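Only one structure is covered here, and it is reproduced in the block below.
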């Protein structure tokens, strides 16, 4: 996977398999959020809504872990091998944001 630069914004070409897996995760999360909205509309019991919100949060965290793993295995590894050590600082900044 080669990282491309265009107009000062980085992009990444993803394999069809990677893209499909990420979209599947996001679609499930989107469904969970719609379900939570429906529970709220039906005046569901607060702990039940909170349990579903926790499940959606866990699913979003799983999405982030998968995306980060793919990023490290492709972009970071390729940049380090090419001598671009600045990618390590970018990775550390990204991890800092994820751990807030």
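All of the numbers you see were taken from the coordinates with simple rules; none came from a lab. Just so you know, these numbers come straight off a predicted model, no measurement behind them. Cβ atoms come from the backbone with ideal geometry, glycine included; neighbour counts cover every protein chain shown.
Mean residue ellipticity at 222 nm, helices only, the chain: -23500 deg cm²/dmol; runs of at least 4 DSSP H residues each add -39,500 (n - 2.57), and the sum is divided by the number of residues. In this simple spin-label approximation, residue 64 and residue 44 carry label points 7 Å from Cα along the Cα→Cβ vector, and these lie 2.3 nm apart.
The angle separating the long axis of helix 16-41 from the principal Cα axis of greatest extent in the chain is about 30 degrees.
Estimated at 0.36 nm per residue, the fully extended path between residue 85 and residue 19 surpasses their Cα-Cα distance by 21.1 nm. For the chain, the longest principal axis of the C-alpha atoms and the axis of helix 46-71 are separated by about 10°.
So how do 83-96, 59-72 stack up, highest first, on mean other-Cβ count within 10 Å?
Working: 83-96: 11.8, 59-72: 14.4.
Ranking, from highest mean packing down: 59-72, 83-96.
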